[in-house]
Amino acid sequence: MSTAYENDQDRWNAVDGYVTELLVPADDALTAALAASEEAGLPPIAVAPNQGKLLHLLAVTQGARSILEIGTLGGYSTIWLARALPADGRLITLEYSPAHADVARANLAHAGLDTIAEVRTGAALDTLPKLEAEGAGPFDLVFIDADKVNNPHYVAWALKLTRPGSLIIVDNVVRGGKVATPHPDDPAITGTREMFDLIAREPRLDATAVQTVGTKGYDGLLIARVTE
Ligand code: SAH
Ligand code: DHB
Ligand code: MG
């Protein structure tokens with residue numbers, strides 16, 4: 001088969017561009033969120049637009065009224081998720097970096113979502129116990145997208161803060177295929193592999209993971225449902 005593409009990444013970018021132009025129209029709030037994040041020097045690691053739309057559709061399908069996100073960055077995925085909620089819905093997103101949290105708060109305000117979405121600053125392993133102590137949850141959906149080394153802890157916390165029928169989604173679980181082999185020197189891969197082991201052993205979770213390619217490279221997404 002002949003191809004106009006120099007390499008796989010060019011081909012993946014072209015398909016993401018095709019899909020996104022037709023099905024994922026950008027709007028001012030999303031475009032401004034990415035522009036403000038870049039302007040503030042945040043790393044360009046938000047979910048791709050078509051991935052954000054996938055999160056949105058999953059949250060809508062779930063009928064979610066409450067969402068927990070771990071790893072906010074500039075709030076791009078937060079906007080997609082919060083837009084799935086009804087006017088009286090609630091999203092809490094946890095971010096370690098005060099600078100990232102400030103950018104995200106401004107982006108959420110610009111998107112008109114600051115009454116629905118709240119950014120909490122701090123290491124998630126410190127803020128999650130506070131959420132529990134407040135009696136927050138159960139959340140209908142949890143999106144885990146922070147420091148990958150803590151993925152097993154985040155899934156354990158997600159289990160505590162959800163109910164049967166809730167959805168737990170984890171970003172970046174494939175990392176160019178690295179997940180399939182032990183990488184003792186890469187704590188991110190080790191953490192994600194420990195998370196897979198934990199989920200495999202956990203009768204309260206029914207899960208799968210899929211590999212993805214696109215503008216974010218070769219990676220993947222894990223989806224787990226809390227069983228009845
Ligand atoms: N979900 C975002 C991207 C998140 S990038 C999006 O798709 O738009 C990962 C974020 O997790 C970064 O902002 C990083 O500062 C944050 N993070 C890293 N370690 C963390 C921790 N221990 N607790 C909470 N957030 C953390
Ligand atoms: C990284 C983190 C992410 O959440 C992501 O989607 C892509 C890359 C990173 O830390 O490199
Ligand atoms: Mg991610």
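Below, the figures for the structure above:
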read-out: Of all residues in the stretch 185-226 being acidic (Asp, Glu) and open to solvent by 50 Å² or more (accessible area, probe 1.4 Å), the one that is farthest from ligand 1 (Cβ to nearest atom); value: ASP206
read-out: Residue within the stretch 39-61 that is more than 18 Å from VAL213 (Cα to Cα) and among the β-branched types (Val, Ile, Thr) present; value: yes
read-out: Residues of the stretch 77-100 satisfying the condition of being crowded, with 21+ Cβ neighbours inside 10 Å and among the small types (Gly, Ala, Ser); value: SER77, ALA82, ALA84
read-out: Enumeration of residues in the stretch 32-53 that are assigned to a loop (DSSP other than H, G, I, E, B) and within 14 Å of TRP80 (Cβ to Cβ); value: ALA46, VAL47, ALA48
read-out: Residue in the stretch 169-191 that is at positive phi and touching a Gly at 6+ places or on another chain (Cβ under 7 Å) present; value: yes
read-out: Residues within the stretch 153-174 that are surrounded by fewer than 18 Cβ atoms within 10 Å (Cβ to Cβ) and either under 15 Å from the mean Cα position of the chain (by Cα) or of a type in the set (D, E, K, R) (or both), tallied; value: 2
read-out: ALA84 vs. criteria more than 10 Å from ligand 1 (Cβ to nearest atom), of a type outside the set (Lys, Arg), closer than 28 Å to TYR18 by Cα and part of a helix (DSSP H, G or I); value: no
read-out: Boolean, GLU194 is touching a helix residue (DSSP H, G or I) at 6+ places or on another chain (Cβ under 8 Å), more than 12 Å from ligand 2 (Cβ to nearest atom) and among the charged types (D, E, K, R); value: yes
read-out: Test set (1) farther than 21 Å from ARG83 by Cβ; (2) touching a residue at least 60 places away in the same chain (Cβ under 8 Å) - ASN107 fails condition number; value: (1)
read-out: Condition check for LEU113: in a loop (DSSP other than H, G, I, E, B) and over 22 Å from LYS160 (Cα atoms); value: yes
read-out: For THR127: the one exception among (1) closer than 18 Å to ILE199 by Cβ; (2) among the β-branched types (Val, Ile, Thr); (3) surrounded by fewer than 22 Cβ atoms within 10 Å (Cβ to Cβ); value: (1)
read-out: Scope the stretch 39-76; condition touching a residue at least 24 places away in the same chain (Cβ under 8 Å), at positive phi and not aliphatic (A, V, I, L, M); matching residues; value: GLY63, GLY71, GLY75
read-out: Residue among PRO203, PRO129 that alone is out of contact with any helix residue (DSSP H, G or I) (no Cβ under 6 Å at 6 or more places or on another chain) and part of a loop (DSSP other than H, G, I, E, B); value: PRO203
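The values are calculated or read from the model by the stated rules, or taken from the named source; none is laboratory data. Given the structure is predicted, the values throughout are model-derived calculations rather than measurements. Cβ coordinates were reconstructed from backbone atoms using ideal geometry, including for glycine residues, and neighbour counts include every protein chain displayed. What goes into the accessible areas is simple: the full protein's heavy atoms, side chains included, and nothing from ligands, DNA or RNA. Shrake-Rupley method; radii C 1.70, N 1.55, O 1.52, S 1.80 Å.
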